[in-house]
1. Residues in the stretch 50-82 that are in a loop (DSSP other than H, G, I, E, B) and in contact with a helix residue (DSSP H, G or I) (Cβ under 8 Å, 6 or more places away or on another chain): how many?
Amino acid sequence: MIDISVEKVALLLIIAVLVLGPTKLPEYTRKLGRLIRELRRMASGAQEKIRQELGPEFEDIDWRKMDPRQYDPRRIIREALLEDEPLPEPVVPTPVQPPARPVVRLAAGQKAPFDDEST
């Protein structure tokens, strides 16, 4: 969640004491505690409401798998390639032969037929 070391917390407390002063610090720490409790209560209430609305079949869902940060295209492709499902046989189309035309041999000196209207 939040990664704060002990040194950072101590530094924040020192800054809070200097800025707020020792007289107002207890009041603000109580307010901060109430705020954190209220946020936790709201979060747990939202979770409970979602569970009620989605029903019992959604309690088994592993929400960590739905985290978009864990999607790595390389991993997805690797898993897809390593699946044990047999690949479908490729469909090879049979070549269609055009109808055979008779081969016309021209005699020596004879010109090929030319159609003036075709071009």
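The values are calculated or read from the model by the stated rules, or taken from the named source; none is laboratory data. The shown structure was predicted, so the numbers you read here are calculated from the model rather than taken from an experiment. Virtual Cβ from ideal backbone geometry, glycine too; neighbours counted across all protein chains shown.
1. So the count comes out to 1.
Quick grid of which residues meet (1) assigned to a loop (DSSP other than H, G, I, E, B); (2) among the basic types (Lys, Arg); (3) at pLDDT 75 or above; (4) surrounded by 10 or more Cβ atoms within 10 Å (Cβ to Cβ):
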| residue | (1), (2), (3), (4) |
| --- | --- |
| Asp84 | yes, no, no, no |
| Pro88 | yes, no, no, no |
| Arg105 | yes, yes, yes, no |
| Ala108 | yes, no, yes, no |
| Ala112 | yes, no, yes, no |
